[in-house]
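**Student:** One structure, pasted below without further comment.
Please treat every number below as a calculation from the coordinates, not as lab data. Here the structure is a predicted model, which is why all the values come from computation and not from measurement. Here the Cβ is made from the backbone with ideal geometry for all residues, glycine too, and neighbour counts use every protein chain on show.
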Amino acid sequence: MRKRMFGAAILALGLSAPFQAAAVAQPHTPANAQALWDTCQAALDSPHESHTNPDVINVHADLKGCKKKMPHYSISVTLYKENQQVAHNSGSGANKFKARVVANWPPPKGQCHKYSATATYTITADGHAHTTTLTNHSQGEICIHK
Amino acid sequence: MTHYAVFLAVTGLPTGPVSGLTALTVPAHRLAEAEARASAALAGLPEGAGWADLEPDRRRELVARVRTVPHHAADHIEHNDPAAPGSSALADCLAGLAANSSLKELAGQRRTVYFTGDRPLGDAAGAPFLAGASAVHRGAENRYPALARLAALLGTAAGPSTDGSLPEDQDLYEAFDRYTVGGP
């Protein structure tokens, strides 16, 4: 009953179907992860269709799992469509437990492609820069329908 | 130039010291859609419930639903240290938001600020982050109740998000494309 009422509420709001699909979606990703500094881990999920913005491909690069604040961090993430760079983003800051950056790309509709991503992470603490780079791939082709 | 709406929830008792500030940033052109999706996502949430009060299944359900709310970022700044001389904890948090959060990359963009609640801003009213805004409103819940509620919920979810007490699928910040959680 609750599900039916929820769906009815969405229709009443004039919201589109992707909401319902996304609302039941599970976290997408086999993420690649690697310890970086103290308990902090770098993680990169696999490129996927955005749960928030229909028809957008994105990938998330995270620093998380820290029990101590990162004195300084930077994240740089790049999204590729079959080896061609299509999106890039970066972020940096200080004194954080966790941070996430996203690379977003709205591909032409009606196309299917394989995607990959790389992200470079640096945590600087006590004068030392701890750096790693992770790579991940989409789970097969991602198709954006017309 | 893109216009953003920034929903700010202050952590701390209404008349007590400020212990943190949470920002939920939404592109202004998607504000109505964001409010509608947040309203649907939070439907049935008990009044005043914090993240730690919810059952695990409810938290998982909310994380999945909140993913659909259009946003730029979620940022939480905690403030456990004494305020800088001549400043206040809220002013420190606002400075941190501008210089050391996902909002840093929006410098130069237009923004309208919506504070949840009606806590007086005091000397923080003159903070550059507010002075540079197109408008600053208090009582966000009167205009955008669901987004105000989501900002407040993010404030209560910041501790569990960083203390290792919750699995990832119960971490509300996992629902956002960009986030930062930490100090000013």
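**Student:** I need to check one value: relative contact order of the stretch B:1-146, counting alpha carbon pairs closer than 8 Å and at least 6 residues apart, in percent.
**Tutor:** Normalised by residue count, the contact order of the stretch B:1-146 is 31 percent.
**Student:** Take each of the peptides A:123-135, B:15-27, B:147-159, average the number of other beta-carbon atoms within 10 Å over its residues, and list them starting from the highest.
**Tutor:** Final packing ranking: B:147-159, B:15-27, A:123-135.
**Student:** Determine the alpha carbon to alpha carbon distance for each of A:Lys69/B:Lys104; A:Lys81/A:Lys146; A:Lys114/A:Lys146; A:Lys67/B:Lys104; A:Lys68/B:Lys104 and list only those over 29 Å.
**Tutor:** none
**Student:** By residue number, which cysteines of the protein assembly as shown lack any other Cys whose Cβ falls under 4.7 Å from their Cβ?
**Tutor:** For the protein assembly as shown, the answer is B:Cys93, because their Cβ atoms have no other cysteine Cβ under 4.7 Å.
**Student:** Of B:Ser19, B:Ala32, B:Thr180, which is farthest along the charge dipole of chain B in the positive direction, counting Lys and Arg as +1 and Asp and Glu as -1 at C-beta?
**Tutor:** Value: B:Ala32.
**Student:** For the stretch B:57-184, rounded, prolate or oblate, judged on the Cα gyration tensor with a ≥ b ≥ c (square roots of eigenvalues), a/c < 1.5 rounded, else prolate if a/b > b/c?
**Tutor:** Judged from the Cα gyration tensor, the stretch B:57-184 comes out prolate (a/c at least 1.5, a/b above b/c).
**Student:** Dividing the alpha-carbon Rg of the stretch A:66-108 by 2.2 N^0.38 Å yields what?
**Tutor:** Relative to the 2.2 N^0.38 Å estimate, the stretch A:66-108 comes out at 1.47.
**Student:** Short version: what are the Cα gyration tensor semi-axes of the stretch A:52-146, square root of 5 times each eigenvalue, largest first, in whole Å?
**Tutor:** Values: eigenvalues 183, 31, 19 Å².
Semi-axes, largest first: 30, 12, 10 Å.
**Student:** What do the square roots of 5 times the Cα gyration tensor eigenvalues come to for the protein assembly as shown, in whole Å, largest first, as semi-axes of the equivalent ellipsoid?
**Tutor:** 29, 26, 19
**Student:** Given labels modelled 7 Å from the Cα in the Cβ direction, how far is it in nm from A:Thr133 to A:Thr39?
**Tutor:** In this crude label model, A:Thr133 to A:Thr39 measures out at 3.0 nm.
**Student:** Using θ = phi - 60° and the Karplus relation 6.51 cos²θ - 1.76 cosθ + 1.60, list the HN-Hα couplings for the stretch B:4-10 in order, rounded to whole Hz, with x at every Gly or Pro.
**Tutor:** So the J values, rounded to whole Hz, are 10, 9, 10, 8, 10, 10, 8.
**Student:** When the helices in chain B are scored as -39500 (n - 2.57) per DSSP H run of 4 or longer and the sum is shared across all residues, what 222 nm value do you end up with, to the nearest 500 deg cm²/dmol?
**Tutor:** -9500 deg cm²/dmol
**Student:** Sorted by average packing, counted as other Cβ atoms within 10 angstrom per residue and highest first, what order do A:101-114, B:89-102 take? Working shown, then result.
**Tutor:** Values: A:101-114: 16.4, B:89-102: 23.6.
Highest-to-lowest ranking by the protection proxy: B:89-102, A:101-114.
**Student:** While we're here: What is the antiparallel percent of DSSP beta bridges lying wholly in the stretch B:3-182, to the nearest 5?
**Tutor:** 50
**Student:** Considering only the other residues whose Cβ falls under 14 Å of the Cβ of A:Ile144, what net charge follows from Lys and Arg at +1 and Asp and Glu at -1?
**Tutor:** For residues surrounding A:Ile144, the net value is +1.
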